[in-house]
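> Handing you a structure now.
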Amino acid sequence: MPEAAALQVREAAEAAPDWATLRAVASSCVACALSEGRTQVVFADGEAPADVMFVGEAPGFHEDRQGVPFVGVSGQLLTRLLSEVGIERSQVVIANVLKCRPPANRDPLPDEVATCKGWLRRQVHLVDPAVICTLGNFATRWALGPDVSITRVRGQRFTVSGRTVVPTFHPSAALRSGPEGAQMQALRADMATLARVVADRG
Ligand code: URA
């Protein structure tokens, strides 16, 4: 029963008083079937609190192996683009909508997102970021609602529960578009926007 699993996750997450406890509790999550195929839970990179948080979709092959989000080619691109706009990866927190790798990197299912989102909700609460950058459609729909499309909202600023949300393309979409592709250029431009938003708040 997905609703019962979602409630169980939410209650466990809300009961975690701090980041280390939340990480430990989430690491043994078996609330959905993704737990059967994972190597490990991929909780987050970075520590709470932080001014800036990135939210991606779900761990891939390398993330599942290493237990850290965005360490594969998409992650390397993200780290490089951040550094180009003066943001070091070590200053931010990076997490995903799903904490476990979907088989063969398929898209997250609605029930998986609904079950897992209690972890992310508590992560956001503890990190307490002023700015959240959502990477791709799944993370952007988590933040802005189910009807948004990343192509329409990317690069804009939204305010959600007092935090600024800047949606942009997922780095894997940018990689597919090629080094001079439209999505790569948009991702680069949106990272510059993000850096300006962060600087304006500081
Ligand atoms: N893609 C994501 O959305 N998250 C990761 O951690 C890796 C690739």
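The values are calculated or read from the model by the stated rules, or taken from the named source; none is laboratory data. Source: prediction; values computed, not measured. Positions of Cβ are backbone-derived with ideal geometry, glycine not excepted, and every protein chain shown enters the neighbour counts. The accessibility values were calculated without ligands, DNA or RNA, using every heavy atom of the protein model including side chains. Shrake-Rupley method; radii C 1.70, N 1.55, O 1.52, S 1.80 Å.
> Taking the stated definitions as given, is Gln123 within 16 Å of the ligand (Cβ to nearest atom), open to solvent by 30 Å² or more (accessible area, probe 1.4 Å) and part of a helix (DSSP H, G or I)? Before you say what the answer is, go through the steps one by one.
Details: within 16 Å of the ligand (Cβ to nearest atom): yes; open to solvent by 30 Å² or more (accessible area, probe 1.4 Å): no; part of a helix (DSSP H, G or I): yes.
So Gln123 fails the test.
> Still on this model: Could you check, for segment 6-15, whether at least one of its residues is in a loop (DSSP other than H, G, I, E, B) and under 17 Å from Leu126 (Cβ atoms)? Can you show your working first?
Here is the first cut: in segment 6-15, the residues in a loop (DSSP other than H, G, I, E, B) are none.
No: segment 6-15 contains no residue that is in a loop (DSSP other than H, G, I, E, B) and under 17 Å from Leu126 (Cβ atoms).
> Condition first: under 15 Å from Phe54 (Cα atoms), more than 16 Å from the ligand (Cβ to nearest atom) and open to solvent by less than 10 Å² (accessible area, probe 1.4 Å). Can you find one or more residues in segment 129-138 that meet it? Even if it seems obvious, please write down each step before you answer.
Let us first name the residues in segment 129-138 that are under 15 Å from Phe54 (Cα atoms), namely 129-138.
If we keep only those that are more than 16 Å from the ligand (Cβ to nearest atom) too, we end up with 129-131.
Imposing the further condition that a residue be open to solvent by less than 10 Å² (accessible area, probe 1.4 Å) reduces the set to 129, 131.
Checked against the condition, which is being under 15 Å from Phe54 (Cα atoms), more than 16 Å from the ligand (Cβ to nearest atom) and open to solvent by less than 10 Å² (accessible area, probe 1.4 Å), segment 129-138 yields at least one hit.
> Also, I was wondering about something else. Across segment 86-117, what is the number of residues that are part of a helix (DSSP H, G or I) and within 12 Å of the ligand (Cβ to nearest atom)?
Taking segment 86-117 first, the residues part of a helix (DSSP H, G or I) are 89-91, 103-105, 110-117.
Those left that are additionally within 12 Å of the ligand (Cβ to nearest atom): 105.
The total comes to 1.
> Right, something else. Restricting attention to segment 68-85, and to residues there that are in contact (Cβ under 8 Å) with a residue 60 or more places away in the chain and more than 8 Å from the ligand (Cβ to nearest atom), which single residue is surrounded by the most Cβ atoms within 10 Å (Cβ to Cβ)?
Step one: of segment 68-85, the residues in contact (Cβ under 8 Å) with a residue 60 or more places away in the chain are 70, 73-75, 77-78, 81-82, 84-85.
Among the residues that remain, those that are also more than 8 Å from the ligand (Cβ to nearest atom) are: 73, 77-78, 81-82, 84-85.
Working: Val73: 13, Leu77: 18, Leu78: 26, Leu81: 20, Leu82: 21, Glu84: 12, Val85: 16.
If we take residues in segment 68-85 being in contact (Cβ under 8 Å) with a residue 60 or more places away in the chain and more than 8 Å from the ligand (Cβ to nearest atom), then Leu78 is surrounded by the most Cβ atoms within 10 Å (Cβ to Cβ).
Let's see how each residue does on (1) touching a helix residue (DSSP H, G or I) at 6+ places or on another chain (Cβ under 7 Å); (2) assigned to a helix (DSSP H, G or I):
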| site | (1), (2) |
| --- | --- |
| Glu36 | no, yes |
| Val42 | yes, no |
| Asp64 | no, yes |
| Pro69 | yes, no |
| Leu78 | yes, yes |
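> Given the structure, is Leu34 open to solvent by less than 40 Å² (accessible area, probe 1.4 Å), in contact (Cβ under 8 Å) with a residue 60 or more places away in the chain and in contact with an Asp or Glu (Cβ under 7 Å, 6 or more places away or on another chain)?
It is true that Leu34 is open to solvent by less than 40 Å² (accessible area, probe 1.4 Å), in contact (Cβ under 8 Å) with a residue 60 or more places away in the chain and in contact with an Asp or Glu (Cβ under 7 Å, 6 or more places away or on another chain).
> Any idea which of Ala95, Ala4 is modelled with pLDDT of 95 or more, of a type in the set (A, V, I, L, M) and crowded, with 19+ Cβ neighbours inside 10 Å?
The unique qualifying residue is Ala95.
> Separate question: Within segment 45-62, track down each residue that is in a loop (DSSP other than H, G, I, E, B) and either at positive phi or of a type in the set (Asp, Glu) (or both).
Residues satisfying the conditions are Gly46, Glu47, Asp51, Glu57.
> May I ask you to verify whether Gln40 is touching a Gly at 6+ places or on another chain (Cβ under 8 Å), open to solvent by 20 Å² or more (accessible area, probe 1.4 Å) and more than 9 Å from the ligand (Cβ to nearest atom)?
yes
> For segment 134-157, how many residues are farther than 19 Å from Val93 by Cβ, in contact (Cβ under 8 Å) with a residue 12 or more places away in the chain and outside any loop (DSSP other than H, G, I, E, B)?
The qualifying residues number 4.
> Look at segment 46-67 and say how many of its residues are within 14 Å of the chain's Cα centre (by Cα) and within 8 Å of the ligand (Cβ to nearest atom).
The qualifying residues number 6.
> Further question: One residue is enough: does segment 190-201 have a residue meeting the conditions open to solvent by 40 Å² or more (accessible area, probe 1.4 Å) and of a type in the set (Ser, Thr, Tyr)?
no
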